[in-house]
1. For segment 6-54, which positions are farther than 18 Å from residue 69 by Cα and in contact with a Cys (Cβ under 9 Å, 6 or more places away or on another chain)?
2. Within segment 12-35, can you find the residues that are within 12 Å of the chain's Cα centre (by Cα), part of a loop (DSSP other than H, G, I, E, B) and surrounded by 15 or more Cβ atoms within 10 Å (Cβ to Cβ)?
3. Does residue 60 satisfy the criteria of being surrounded by 14 or more Cβ atoms within 10 Å (Cβ to Cβ) and polar (S, T, N, Q)?
4. Restricting to segment 20-55, count the residues that are within 14 Å of residue 5 (Cβ to Cβ) and aromatic (Phe, Trp, Tyr).
5. Among what's in segment 56-74 and is touching a helix residue (DSSP H, G or I) at 6+ places or on another chain (Cβ under 8 Å) and not in a helix (DSSP H, G or I), pick the residue that is farthest from residue 3 (Cα to Cα).
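Bear in mind these aren't lab numbers, they're just calculated from the coordinates by the rules spelled out. These numbers were taken from a predicted model, which means no experiment stands behind them. All Cβ positions, glycine included, derive from the backbone under ideal geometry; neighbour counts span all protein chains shown.
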Amino acid sequence: MVPLLRMLEFKNLSLSDAEAGGFHRLAEAAKRCLHCAARTACIRWLKWHGRYGAAPPCPNTLYLQELRESRRPD
């Protein structure tokens, strides 16, 4: 689940934002992340904060976008 947590952070989202979106959806996103074929590339990309090229394909792109759109304003 570490890549998912780091991706949340990269997208300026918190674990609280993800929890607010529903624990079931968070668990499903964690499962998608765990079984992702691009997991190693994603970890590497996150390590360098996305400085070198585009992010690898992410099965949680839609989930992260929906979280961002539904996030409560600070």
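1. If the condition is that a residue be farther than 18 Å from residue 69 by Cα and in contact with a Cys (Cβ under 9 Å, 6 or more places away or on another chain), then 6, 32, 33, 36, 38, 39, 42 are the ones that fit.
2. 13
3. yes
4. Looking only at that region, the number is 0.
5. Once the filter is applied, the top-ranked residue is 72.
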